[in-house]
Amino acid sequence: MVARGFSRRALLISLYGRIAAKRARSRRGSEIKRILVIRPDHLGDLLFATPALEEIRNAFPQAHITGAVGPWGRAMWEGNPNVDALETIVFPGIAAKTGGNPLAPYLLLGKTASRLAREKYDLGIVLRFDHWWGAALMWAAGMPRRWGYDVPGMGGWLTDAVPYVSGRHEVEQDLRLVEAVVGAQWSEAKSRAPLHMRINRVKGEPPLRPPCPTPLAKDILGGWLEASRRVVIHPGTGAANKLWTVSGWAEVADRLVEEGWSVALTGAPDEVELVQAIASASTSKPLSMVGKTAGLAQLVWVLDKAHMVLGVDSGPLHIAAALGKPTLHLYGPSDETIWGPWGDPSKHRAFRAPGTRPTMRLDVGSRELEGGVEMRGITAEMVMDQVKQLERIAEREQAIKMQESTTQTDRRDC
């Protein structure tokens, strides 16, 4: 791995070293007027980064802030008031591998760096802890201040790096990096850094900012919207080995219907096969919403209308938690300590099969409809035990909202 890092570094320096140095000299000593924030990941990670975006905006209120995201995650930051523009990059190594030219990532880096250099960014921040490509991109684009994590393959491309703390939740990880950036800038300006940051995972502080909802035509929802007890099951996710079982979701859906819940299955267009398999395996035939929400904003609207949301480790589940919905997240290969729900653990429950541990290996691009051994260890009975505890919370909150005669969407700052 070390030798590979050295050969990669040597190749990039030979390709772009001279032009990178020239670009950096032209920006040296400039004020921070333009900032690039790189987060190449999927929806959940981008949602986790929204408090960090707000901190950057608070620290640099006059700066133009651009988010660099993949096309797979762009919808999460669209419309976010703390971002002035979005730069979409098909980051290598994040989407499923497709083979092809082994030099393609390096050539793409040079082409993208040339485009970013024209924007004359004064500060670049890469929020993913192991994203050497993003760190090298900032270097090649000549950004004079380049922040990220001090991990192998990253630090050499950065002007400033902070430790990556193993086991720390991603929301806090991002915030601590931004805290260091802000502190250094205020120190450079010989002023005192603001000390208003409050981080509390159990309380969900600071809150995450999901996209604002866009209403969906009510006829698409059938009678689900009129039901007094509404639950959404969102079974899909970006890595196949994070999925639960088709039969498990079908049994849970049937048992919820027996108990008086109206069940809706949601999913992206590429999750049609999974959702249809679950609907076919169930006897209650829950409402299928797969592919019927035109973009993330409409899915947010549907989630906001639910009284409870169930699923696996996925962006939509984290959105539901950010909306304040009682949620159940099933975990297997990913680590709930790092990527678990942000907020009250009794209301946003992370559950894994007893005796299993996260492998941290994700099967992106697989067409399998069921997850790996860690996920198959979860039974429908285990899930229903967790659901029973959530039901009490959901019913209590529903009663309170009926008394208040208002909805959570009405209270959201959109």
**Request:** For the range 366-382, state whether one or more residues are under 30 Å from Glu78 (Cα atoms) and surrounded by 15 or more Cβ atoms within 10 Å (Cβ to Cβ).
**Result:** yes
**Item:** Restricting the range 219-252 to residues that are among the β-branched types (Val, Ile, Thr) and in a strand (DSSP E or B), the residue that is surrounded by the fewest Cβ atoms within 10 Å (Cβ to Cβ)
**Value:** Ile233
**Request:** Enumerate the pairs (first residue in the range 298-315 and closer than 19 Å to Ile400 by Cβ and open to solvent by less than 10 Å² (accessible area, probe 1.4 Å); second residue anywhere and part of a strand (DSSP E or B) and among the basic types (Lys, Arg)) with beta-carbon separation below 7 Å, excluding pairs fewer than 6 apart on the same chain, so at least 6 apart or on different chains.
**Result:** Ala306/Arg230
**Unique residue being closer than 23 Å to Gly222 by Cβ, among the charged types (D, E, K, R) and surrounded by fewer than 22 Cβ atoms within 10 Å (Cβ to Cβ) when the list is Lys325, Lys292, Lys347** = Lys292
**Message:** Any residue at all in the range 75-83 that's acidic (Asp, Glu) and more than 24 Å from Ala294 (Cβ to Cβ)?
**Reply:** no
**Prompt:** In the range 215-240, what residues are closer than 16 Å to Asp304 by Cα, touching a strand residue (DSSP E or B) at 6+ places or on another chain (Cβ under 6 Å) and of a type outside the set (Phe, Trp, Tyr)?
**Reply:** Ala227, Arg230, Val231, Val232, Ile233, His234
**Request:** Kindly state which helices (runs of 4 or more DSSP H) lie completely within the range 40-158 and contain at least 1 residues that are closer than 22 Å to Glu170 by Cβ.
**Result:** 43-48, 50-59, 74-77, 132-140
**Asked** From the list Gly267, Gly260, which one is surrounded by fewer than 24 Cβ atoms within 10 Å (Cβ to Cβ) and closer than 30 Å to Met402 by Cα?
**Response** Gly260
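Is it the case, given these coordinates, that Val275 is open to solvent by less than 40 Å² (accessible area, probe 1.4 Å) and either under 22 Å from the mean Cα position of the chain (by Cα) or at positive phi (or both)?
yes
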**Request:** Quick one: count up the residues across the range 350-365 that are surrounded by 12 or more Cβ atoms within 10 Å (Cβ to Cβ), in a loop (DSSP other than H, G, I, E, B) and of a type in the set (A, V, I, L, M).
**Result:** 2
**Message:** What's the total number of residues in the range 75-103 that are open to solvent by 30 Å² or more (accessible area, probe 1.4 Å), under 26 Å from the mean Cα position of the chain (by Cα) and more than 24 Å from Ile32 (Cα to Cα)?
**Reply:** 9
**Request:** Please tell me if Asp130 is open to solvent by 20 Å² or more (accessible area, probe 1.4 Å) and under 19 Å from Gly93 (Cα atoms).
**Result:** yes
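The values are calculated or read from the model by the stated rules, or taken from the named source; none is laboratory data. Keep in mind the model is a prediction, meaning the values are calculated, not measured. Heads up, the Cβs are rebuilt from the backbone with ideal geometry, glycines too, and the neighbour counts pull from every protein chain shown. We work out accessible area using only protein heavy atoms, side chains counted, and drop any ligands, DNA or RNA first. Shrake-Rupley method; radii C 1.70, N 1.55, O 1.52, S 1.80 Å.
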